[in-house]
Amino acid sequence: MFVAHSIEELVEWRTMLETPWLLGPVLPAGAQRIGFVPTMGALHDGHLELVRWARKDCDLVIVSIFVNPYQFGQNEDLDKYPRTFEKDLALLEKERVDCVFYPSEKDMYPRGRDAITSVVPASPLNDTLEGAFRPTFFRGVATIVSKLFCLVQPHLAYFGEKDYQQLQVIKAMVKDLNMPVSVVGVPTIREEDGLALSSRNAYLDAEAREIAPTLFESLFHVMDAARKNKPMSTAMAEARAKIVDTGRFELQYLTAAHPETLAPLEGDFARPFVVLVAAKLGEVRLIDNLVVR
Ligand code: PAF
């Protein structure tokens, strides 16, 4: 596994792919499908699932590890974001990743993060739901992902459905800007009790961990109610009550929406739809979603 610590090293590796005789036996004859998994490190099984999908579809798999400061809000603690580089490398080695791109902040934002041409996703996708609570988040994500796409030049790029709105933002960006990459959404990996895997779960204490699956239970309640043709307003009120009645969550939103535009459903359930939730459990902010087809 090659580790590129800078843009220069990545470009060198990428150039060798264009001139495969330089790589010798590393590259299977005629193979050229490059799969890309962008991450911020602190890898868990959810990330590794993205890598496994890429490994299954592609000849070469590249993973980036970059804690992108541009997508953190002023009140969000960038310094506290977990950094576990050596452990991440060992996990990626086991998954037979070909290249890890691990650039520095200076490499990605040479003139500082406030002096960069940015990619601003279109409204309302940019500013509803997550965007309403984290106003500059999707600009930061879209900007870094487009930089990474330009550098890595993958054929396929893999994103988790766990960050559902992020996935829709990236799909819309790729379509609107005619980027030559196929975006693949990978289903969420869950613990046995339904809790979606997330780097933030590590911050939950034992008591919080026990009630955290309430979020998934409330999403499941909405799906079940839709399947039983219950009125949407009743189903949503019951699902919200499940969360609020624990007395522990600060519910930020629970919304049933169109699966691509994320425009809230009006009147009653229409198929397919997605139900999305965000809530704070103490200091830990959790998000989850379920697509109902
Ligand atoms: O989902 C993430 O980990 C990040 O938002 C991403 C896509 C790697 C961009 O920094």
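Each value in this text was obtained by applying a stated rule to the coordinates, not by laboratory testing. Keep in mind it's a predicted model, so treat the numbers as computed, not measured. No Cβ is skipped: glycine too gets one built from the backbone with ideal geometry, and neighbour counts run over all protein chains shown.
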Checklist line | the chain: angle of helix 45-57 to the longest principal axis, Cα-based, in degrees nearest 10 | finding: 50
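Assign one of three labels to region 153-293, namely rounded, prolate or oblate, based on the Cα gyration tensor with a ≥ b ≥ c the square roots of its eigenvalues; rounded applies when a/c is under 1.5, prolate when it is not and a/b is larger than b/c, and oblate otherwise. Each step should come with its number before you reach the end.
Numbers: a/c = 2.25, a/b = 1.28, b/c = 1.76.
Oblate, since a/c reaches 1.5 and b/c is not below a/b.
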Item checked: Order by protection proxy (mean Cβ within 10 Å, highest first), peptides 135-144, 242-251 -> 135-144, 242-251
Next item on the list: Please identify, among Leu254, Leu195, Leu17, the residue showing maximal mean-square fluctuation in a Gaussian network model of the chain using a 10 angstrom Cα cutoff.
Entry: Leu17
Next item on the list: Can you pull the one-decimal nm distance between simple spin-label points at Ala202 and Arg293, each 7 Å off the Cα toward Cβ?
Entry: 3.3
Margin query: Take Asp79 and Asp176, extend 7 Å from each Cα along the Cα→Cβ direction, and tell me the distance between the two endpoints in nm.
Written below: 3.5
Next item on the list: Using only Cα atoms, find the angle between the long axis of helix 137-152 and the longest principal axis of the chain, and express it within 0 to 90 degrees, rounded to the nearest 10.
Entry: 30
Notebook entry, point to check: Once fully extended, how much extra length lies between Asp45 and Ser118, figured as 0.36 nm per residue of separation less the alpha-carbon to alpha-carbon distance?
Noted result: 23.2 nm
Checklist line | Three-way shape label, region 192-233, alpha-carbon gyration tensor, a/c 1.5 | finding: prolate
Check: If we sort 263-275, 163-175 on the protection proxy, mean other Cβ atoms within 10 Å, highest first, what's the order?
Finding: 163-175, 263-275
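Nearest 5 is fine: what % of DSSP beta bridges in the chain come out antiparallel, could you say?
So the antiparallel bridges amount to about 50 percent of the total.
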Item checked: Using a Förster distance of 22 Å, the FRET efficiency for Met16-Asp57 (Cβ separation, nearest 0.05) -> 0.55
Checklist line | Efficiency of FRET between Lys94 and Glu210 - r from beta-carbon atoms, R0 41 angstrom, step 0.05 | finding: 0.85
Check: Of Lys56/Lys94; Lys106/Lys162; Lys147/Lys171; Lys162/Lys230, which ones are farther than 23 Å apart at the Cα?
Finding: Lys106/Lys162; Lys162/Lys230
Notebook entry, point to check: Given 10 °C and 1.306 mPa s, how large is the Stokes-Einstein diffusion coefficient of the chain in µm²/s, with Rh as the Kirkwood radius over Cα pairs?
Noted result: 78
Next item on the list: If a/c stays under 1.5 just call it rounded; otherwise compare a/b with b/c (prolate if a/b is bigger, oblate if not). Do that for region 109-162, with a ≥ b ≥ c from the square roots of the Cα gyration tensor eigenvalues.
Entry: oblate
